[in-house]
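The values are calculated or read from the model by the stated rules, or taken from the named source; none is laboratory data. Note that the structure is predicted; figures quoted are calculated from it, not measured. All Cβ positions, glycine included, derive from the backbone under ideal geometry; neighbour counts span all protein chains shown. The accessibility values were calculated without ligands, DNA or RNA, using every heavy atom of the protein model including side chains. Shrake-Rupley method; radii C 1.70, N 1.55, O 1.52, S 1.80 Å.
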Amino acid sequence: MNHILFLLTAAFCFPSITVAKIIEAGSPDKKNVITIETDNQVSYSLSRNGTKILDTCPLSLTVGNDTWGTDKCRKITRKSVSEKVEFIVPRKYKETVDNYNQVELIYKDYKIEFRVYNDGVAYRFVSTANNKQPVKKESVSFRFGQDHTSYTLLTDQLQNWFEQDYTVKPINALPKDSFSVAPVMVEVDKYKVLLAEANLYNYPGMYLQPAQESFHGIFANYPDKEVPYEGDNKIYASTRKDYLIPTCGKRVFPWRVIGTFDNASSILQSELIYLLSEEKEQTDDYTWVKPGKVLWDWWNDRNIYHINFKSGINTDTYLYLVDYAAKHHIEYVLIDEGWSARNDLLTLNPDVDIPRICEYATEKGVGIQLWSKWVNIMRQMDEAFAQFSKWGVKGVKIDFMDRNDAKMVNFYEQVAIKATQYKLLVDFHGSYPNEGMRRKYPNLMTREGVIGLEYNKWSKRATVTHDVIIPYLRMWVGPMDYTPGAMLNAHPETFYENQHEPMSQGTRCRQLATYVIFDSPLNMLCDNPSNYKREPECTAFIARIPTVWDETLGLDGKVGEYITMARRSGDEWYVGGLTNWDKRDITVDLSFLGEGFYEIELFKDGINADRAACDYKRVVMPVPEDRQLKVTLFPGGGFAGRIERR
């Protein structure tokens with residue numbers, strides 16, 4: 001629900017010959033200033049506190065034979081907006097304020113909107129007529145005018161897993177035949193600049209290709225022929241049309257977004273992508289959406305021990321998981337691959353009695369979620385979702401999409417609509433990163449698009465350095481399903497890949513801290529109940545921690561080095577921190593607590609955590625009167641704490 005606090009609109013309705021060629025607009029706090037030029041081709045430049053962020057950046061959209069952004073502007077309007085936004089599914093906040101200044105350039109059959117926020121700038125094209133022509137091309141450029149350090153996820157394939165390692169190099173040192181998954185970060189002096197998109201519907205997602213001191217948008221054309229890939233798990237486009245989408249229509253196009261931040265910690269408090277995205281329909285009811293933690297079977301290979309049945313993909317195993325989840329107040333159990341026939345969601349594995357499992361879970365107050373590859377959902381969506389609902393399934397995890405062309409983007413929305421009809425939560429894996437669709441469809445709880453803990457089953461790519469980059473980049477655009485919770489922990493000299501008894505890199509307390517640091521309204525417990533039983537203190541802490549928050553504070557950090565955050569749920573505060581492979585002594589500023597006596601349950605790296613990564617110490621103590629909490633983070637370490645007022 002939005003409550004308009006302030007709205008001011010000014011329209012300049014002069015003949016086009018008198019329309020200003022240069023327009024300036026500032027953010028409400030006056031730190032960001034955008035300069036828009038309308039002569040010949042629309043372009044913009046951006047500064048923050050007087051520092052040039054972006055040089056002249058031209059923009060255009062080719063619809064049929066017309067190039068929008070190159071003709072004469074007919075009218076300019078301005079408005080200022082400040083409105084309260086309440087989150088149906090909170091991520092960082094229960095509510096926030098959408099506050100921006102807008103400039104609108106109006107043309108014959110379209111307009112271009114610019115919005116200037118305190119934490120960034122965005123623009124988009126809007127078609128105001130029902131144009132039947134195809135959209136053939138969009139020109140997007142982010143020109144910095146100087147070479148700067150960038151953080152990119154490089155690939156040379158339009159169809160990929162969206163799970164690349166970060167490359168940290170100056171823009172001009174990047175291979176020009178590659179392009180990056182968004183968001184990209186560029187460090188301009190002290191400022192952190194993030195490039196992304198928002199409100200992506202019926203349009204291809206944007207990649208960013210490096211060029212001289214700049215990045216340019218790259219898009220996949222609409223699929224022509226499609227072929228099976230990796231057996232029958234996936235479908236890839238083998239040839240493509242000569243357009244992005246077949247028909248323009250009357251519509252809004254995605255926002256091109258530039259986030260601007262004075263330091264790394266301020267990124268953690270931004271919801272810019274969400275605020276730029278389309279709201280849900282007023283009549284849609286999402287009161288049934290229930291965030292929570294999820295006990296997951298696949299990561300640990302269902303490797304349960306000290307039991308009296310054969311563990312595996314079978315009914316006994318899943319009933320056992322339900323019992324464990326119920327005992328520890330874990331809201332969901334996810335049944336991953338293997339519960340159905342490989343290519344038919346309506347034919348059950350005879351060893352897995354889904355109706356019985358769902359009925360038993362309902363009796364225990366636990367929800368069941370089911371995994372599927374996307375090609376099966378595409379073929380059987382209506383029948384499968386109806387059957388899931390009849391069984392009592394509460395959510396679906398859909399995997400292996402590996403594309404962001406317009407046809408695939410439309411599939412995401414089709415899933416959201418149908419899942420809403422059957423009251424199913426959705427977790428997208430094999431997915432492009434978030435772009436704001438969760439605002440319109442609040443049952444879209446989380447998605448992958450990140451190197452998560454699963455990679456430690458077969459590689460060393462889920463590193464501790466990676467973990468202190470993703471909160472500042474990937475997590476800015478939306479929730480990420482990193483799937484934490486490993487109870488087997490290792491340092492580089494003791495870590496090895498293991499499909500059956502996987503482990504994490506870094507310390508035990510690092511795993512606990514990820515539940516504070518990483519956003520995901522559905523948050524996995526990736527390990528098996530047998531390992532959790534061996535670690536009752538850590539398990540109790542994880543089981544208690546919320547997955548959605550009323551308030552979020554970025555306390556301190558540097559990209560790729562360390563991070564500390566605080567989160568509030570009701571009257572409880574949680575604090576957490578992660579470091580890379582460098583040991584560091586940190587002071588956590590808890591002055592946000594204010595007056596009063598507080599107590600903290602603190603998990604910190606144990607005295608031998610530099611040798612035995614599983615070593616930790618739990619202490620319950622008063623919060624220091626000066627509100628300065630001193631903690632030592634061992635290499636690959638972390639800390640996590642729960643604070644209550646006494």
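Got at least one residue in segment 268-280 being open to solvent by 40 Å² or more (accessible area, probe 1.4 Å), at positive phi and charged (D, E, K, R)? No: segment 268-280 contains no residue that is open to solvent by 40 Å² or more (accessible area, probe 1.4 Å), at positive phi and charged (D, E, K, R). Residues in segment 539-547: is at least one crowded, with 16+ Cβ neighbours inside 10 Å, more than 20 Å from M480 (Cα to Cα), touching a strand residue (DSSP E or B) at 6+ places or on another chain (Cβ under 9 Å) and modelled with pLDDT of 95 or more? The answer is yes; a qualifying residue exists. Among the conditions (1) under 24 Å from the mean Cα position of the chain (by Cα); (2) more than 30 Å from L453 (Cβ to Cβ); (3) crowded, with 21+ Cβ neighbours inside 10 Å, I330 misses just one, which is (2). Once segment 182-217 is narrowed to residues that are among the polar types (S, T, N, Q) and touching a residue at least 40 places away in the same chain (Cβ under 8 Å), the residue that is most open to solvent (accessible area, probe 1.4 Å) is Q212. In segment 281-307, the residues that are assigned to a loop (DSSP other than H, G, I, E, B) reach residues that are aromatic (F, W, Y) with C-beta atoms within less than 7 angstrom, at least six apart or across chains, in these pairs: I304/Y320; I307/Y320. May I ask you to list the residues in segment 423-454 that are among the charged types (D, E, K, R), within 14 Å of the chain's Cα centre (by Cα) and either closer than 25 Å to T465 by Cα or assigned to a loop (DSSP other than H, G, I, E, B) (or both)? Correct list: E435, R447, E448. Within segment 106-123, being aliphatic (A, V, I, L, M), crowded, with 21+ Cβ neighbours inside 10 Å and either over 24 Å from the mean Cα position of the chain (by Cα) or at pLDDT below 95 (or both) holds for one residue alone: I112.
Scanning segment 136-153 for residues that are open to solvent by less than 10 Å² (accessible area, probe 1.4 Å) and assigned to a loop (DSSP other than H, G, I, E, B) yields V140, F144.
Within segment 442-491, work out how many residues are touching a residue at least 60 places away in the same chain (Cβ under 8 Å), polar (S, T, N, Q), farther than 16 Å from N580 by Cα and open to solvent by 10 Å² or more (accessible area, probe 1.4 Å). Qualifying residue count, segment 442-491: 0. Assess whether T239 counts as being without any contact (Cβ under 8 Å) to a residue 24 or more places away in the chain and within 21 Å of the chain's Cα centre (by Cα). Answer is no for this residue. If you go through segment 333-342 one residue at a time, do you hit one that is closer than 14 Å to L525 by Cα and either at pLDDT below 95 or surrounded by fewer than 22 Cβ atoms within 10 Å (Cβ to Cβ) (or both)? Within segment 333-342, one or more residues are closer than 14 Å to L525 by Cα and either at pLDDT below 95 or surrounded by fewer than 22 Cβ atoms within 10 Å (Cβ to Cβ) (or both).
Residues are listed down the side, and each one gets a yes or a no for (1) closer than 30 Å to V89 by Cα; (2) open to solvent by 10 Å² or more (accessible area, probe 1.4 Å); (3) touching a residue at least 60 places away in the same chain (Cβ under 8 Å):
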site	(1), (2), (3)
L553	yes, yes, yes
M565	yes, no, yes
Y598	yes, yes, no
A612	no, yes, no
D615	no, yes, yes
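Annotation note: of G577, G560, the sole residue that is surrounded by fewer than 20 Cβ atoms within 10 Å (Cβ to Cβ) and modelled with pLDDT of 95 or more is G560. Segment 195-258 holds strands (runs of 3 or more DSSP E) entirely within its bounds, and those carrying 3 or more residues that are under 24 Å from S43 (Cα atoms) and touching a strand residue (DSSP E or B) at 6+ places or on another chain (Cβ under 9 Å) map to 207-211, 214-218, 249-252.
Of all residues in segment 365-414, which are open to solvent by 30 Å² or more (accessible area, probe 1.4 Å), touching a Lys or Arg at 6+ places or on another chain (Cβ under 9 Å), in a helix (DSSP H, G or I) and over 23 Å from W161 (Cα atoms)? Result: D382, S389.
For segment 124-135, the criterion of being out of contact with any Asp or Glu (no Cβ under 9 Å at 6 or more places or on another chain) and either open to solvent by less than 60 Å² (accessible area, probe 1.4 Å) or among the β-branched types (V, I, T) (or both) is met by at least one residue. Please work out which residue is farthest from I398 (Cα to Cα), limiting yourself to segment 343-364 and to residues that are touching a residue at least 40 places away in the same chain (Cβ under 8 Å), open to solvent by 20 Å² or more (accessible area, probe 1.4 Å) and not in a loop (DSSP other than H, G, I, E, B). Among them, the one singled out is K364. Could you grab me the full set of residues in segment 154-181 that are part of a loop (DSSP other than H, G, I, E, B), touching a strand residue (DSSP E or B) at 6+ places or on another chain (Cβ under 7 Å) and either of a type in the set (F, W, Y) or crowded, with 24+ Cβ neighbours inside 10 Å (or both)? F162 - this is the single residue of segment 154-181 that is part of a loop (DSSP other than H, G, I, E, B), touching a strand residue (DSSP E or B) at 6+ places or on another chain (Cβ under 7 Å) and either of a type in the set (F, W, Y) or crowded, with 24+ Cβ neighbours inside 10 Å (or both).
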